[in-house]
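The values are calculated or read from the model by the stated rules, or taken from the named source; none is laboratory data. Values in this document were obtained by computation on a predicted structure and should not be read as measured data. Backbone-built Cβ (ideal geometry, glycine too); neighbour counts: all protein chains shown. Remember, those area values only see protein heavy atoms, side chains included, never the ligands or the DNA or RNA. Shrake-Rupley method; radii C 1.70, N 1.55, O 1.52, S 1.80 Å.
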Amino acid sequence: MDEFLTNLPEFRAAIGQTFYMVGISVVLGGLLGLALGLVLYATRPGSLMSNRAVFVGVNILVNVVRPIPFVIFLMAIQPLMKATIGTTIGTDAVTFALTLAAAFAVSRVIEQTLIAVDPGVVEAARAAGARPLSILLTVVVPEALGPVILGYTFIFVAVVDMSAQAGLFGGGGLGSFAITHGSQRYNWVVVYITVAVIIVIVQAGQFAGNALARRALRR
């Protein structure tokens, strides 16, 4: 415990780095994933803007990238990191990778959630003369808002989990702190405290997401 108190400033910095990585990744990855998910839903066969070529292309891309374990994904996109942000290590590099990983995960969540919307609602909007884009944004998305929020909550938890692997690439954060000051020094107090903080972050995100989803479902 004394060693943990000695490293308390670094622990606080690690919490800040975790929030930085997770916050940016969930927001930017969430927006990019939302766009991809909308494209997947709208262009699938029989949907609002059916386009086989676009659907197949985006679907293959998501299917290829989404199952890749995050550590391997981090290594695989290092040339892209170097070309876009100029580095392959550090918090910014890991945040870049987390954003892309979150985007592809969100895209599939969005697509599957929107598919579950009652087709009758869509057909009613079509019969009323609404345009496809208008139906997508003002009918389909609002109808699926509660499940969409739950999907983003799931992605938040997944991103927190992936951010813990940031230490492997010099990204900092709680995972790196637990490895450097905990397991490598056989200081299990540090490990357990770090794990407890991660659990609190995840539970807080889960609680907030569930509360927002319930509010959306009651509309």
Matching residues in segment 179-216 (in contact with a Gly (Cβ under 6 Å, 6 or more places away or on another chain), among the β-branched types (Val, Ile, Thr) and open to solvent by less than 40 Å² (accessible area, probe 1.4 Å)) number 2
For segment 13-27, check the following and say yes or no: at least one residue is touching a residue at least 60 places away in the same chain (Cβ under 8 Å), of a type in the set (Phe, Trp, Tyr) and over 18 Å from residue 165 (Cβ atoms).
no
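Restricting attention to segment 112-130, does a residue exist that is within 14 Å of the chain's Cα centre (by Cα), surrounded by 14 or more Cβ atoms within 10 Å (Cβ to Cβ) and modelled with pLDDT of 90 or more?
no
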Residues within segment 19-48 that are buried (at least 18 other Cβ atoms within 10 Å of the Cβ), farther than 30 Å from residue 177 by Cα and within 17 Å of the chain's Cα centre (by Cα), tallied:
4
Please indicate, with yes or no, whether at least one residue in segment 97-105 is open to solvent by 70 Å² or more (accessible area, probe 1.4 Å) and either assigned to a helix (DSSP H, G or I) or closer than 22 Å to residue 168 by Cβ (or both).
no
Filter segment 64-95 for residues that are more than 16 Å from the chain's Cα centre (by Cα) and of a type in the set (S, T, N, Q); the one that is farthest from residue 172 (Cα to Cα) is 84
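If you go through segment 165-178 one residue at a time, how many are in a helix (DSSP H, G or I) and surrounded by fewer than 19 Cβ atoms within 10 Å (Cβ to Cβ)?
Qualifying residue count, segment 165-178: 1.
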Count - residues of segment 73-92 that are in a loop (DSSP other than H, G, I, E, B) and surrounded by 13 or more Cβ atoms within 10 Å (Cβ to Cβ):
6
